[in-house]
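Below: one structure, written as structure tokens.
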Amino acid sequence: MEILKGQETPGQARGDNGRTSNYGQKDDNGWKGWTVHLLQPSNPDEQDIETPKGFASIPREGQGTPQGTKNPRPPLEAGKSPNEYLSILQNAQEDEDSPYHGETGMTPEDWITAFMIHLSETGKPLDDAWNPTNKEGISYLTGAFFRSSVRVPCAGWGRDRRRAYFNRDVPRARGGDIGLRSSVAV
């Protein structure tokens with residue numbers, strides 16, 4: 001990836017070159033505050049894999065297609081509660097063979113960035129749950145969810161007002177048009 005050439009390592013960005021403090025913990029006082037997210041590309045079989053365009057949509061329940069050959073990854077389909085999605089991701093952290101190993105939920109800031117990239121690359125909004133095909137879902141933002149809070153943020157494209165919107169839902173809520181967009185943070 002061109003953008004990563006010559007960039008600092010996480011240890012250099014933190015200012016500790018990967019060393020630990022006397023207490024065995026990383027010293028993050030010098031962290032510069034950037035994160036790289038890897039997201040699943042849209043239609044990887046139908047486009048140039050060197051420069052994929054856009055991100056995969058959140059499929060409605062029963063409409064997802066696994067991607068990959070070595071360890072096929074079924075998409076996280078809409079229809080589960082935020083608690084269920086968090087459970088899937090937490091269990092995957094302990095299972096290196098899980099296709100979701102290393103994935104985390106997104107924050108509102110992550111989603112805004114992904115939305116802008118997707119729009120600029122495809123000309124279409126991300127998470128357009130009310131498009132005529134009715135195949136996409138809006139996204140829970142579980143990267144900004146704490147179990148002690150009462151609501152879970154979510155985001156999508158508001159076709160009626162032609163703008164992105166943010167909302168919130170209860171942790172046990174389910175909907176056929178809302179799912180999880182996850183990423184691997186590097």
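The values are calculated or read from the model by the stated rules, or taken from the named source; none is laboratory data. Note that this is a predicted model, so its numbers are computed, not measured. Please note: Cβ atoms are built from the backbone with ideal geometry, for glycine as well, and neighbour counts cover all protein chains shown.
In this structure, does S87 turn out to be closer than 30 Å to G33 by Cα, assigned to a loop (DSSP other than H, G, I, E, B) and either more than 12 Å from the chain's Cα centre (by Cα) or of a type in the set (V, I, T) (or both)? Judged against the criteria, S87 is not a match. In the range 164-177, the residues that are closer than 16 Å to N131 by Cα form Cβ pairs under 8 Å with partners that are among the charged types (D, E, K, R), at six or more places apart or across chains, as follows: G176/R60; G176/E61; D177/R60. All conditions in (1) crowded, with 16+ Cβ neighbours inside 10 Å; (2) modelled with pLDDT under 90; (3) over 29 Å from T69 (Cα atoms) hold for R147, with the sole exception of (1). On the basis of being modelled with pLDDT under 90 and of a type in the set (K, R), does K80 make the cut? Against the criterion (modelled with pLDDT under 90 and of a type in the set (K, R)), K80 does not qualify. Of the residues making up the range 54-78, those that are buried (at least 17 other Cβ atoms within 10 Å of the Cβ) and assigned to a loop (DSSP other than H, G, I, E, B) are G54, A56, S57, I58, R60, G64, P75, L76, E77, A78. Tallying residues that are of a type outside the set (S, T, Y), surrounded by 23 or more Cβ atoms within 10 Å (Cβ to Cβ) and on the phi < 0 side of the Ramachandran plot within the range 119-140 yields 5.
Residue count for the range 93-128 satisfying the condition of being closer than 27 Å to P171 by Cβ, outside any loop (DSSP other than H, G, I, E, B) and β-branched (V, I, T): 3. Within the range 155-186, being over 18 Å from M116 (Cβ atoms) and hydroxyl-bearing (S, T, Y) holds for one residue alone: S182. If you go through the range 168-186 and keep only what is at pLDDT below 90 and under 19 Å from the mean Cα position of the chain (by Cα), you end up with R168, D169, P171, R174, G175, G176, D177, A185, V186.
Residues in the range 150-168 that are buried (at least 17 other Cβ atoms within 10 Å of the Cβ) and closer than 13 Å to T107 by Cβ: V152, P153, C154, A155.
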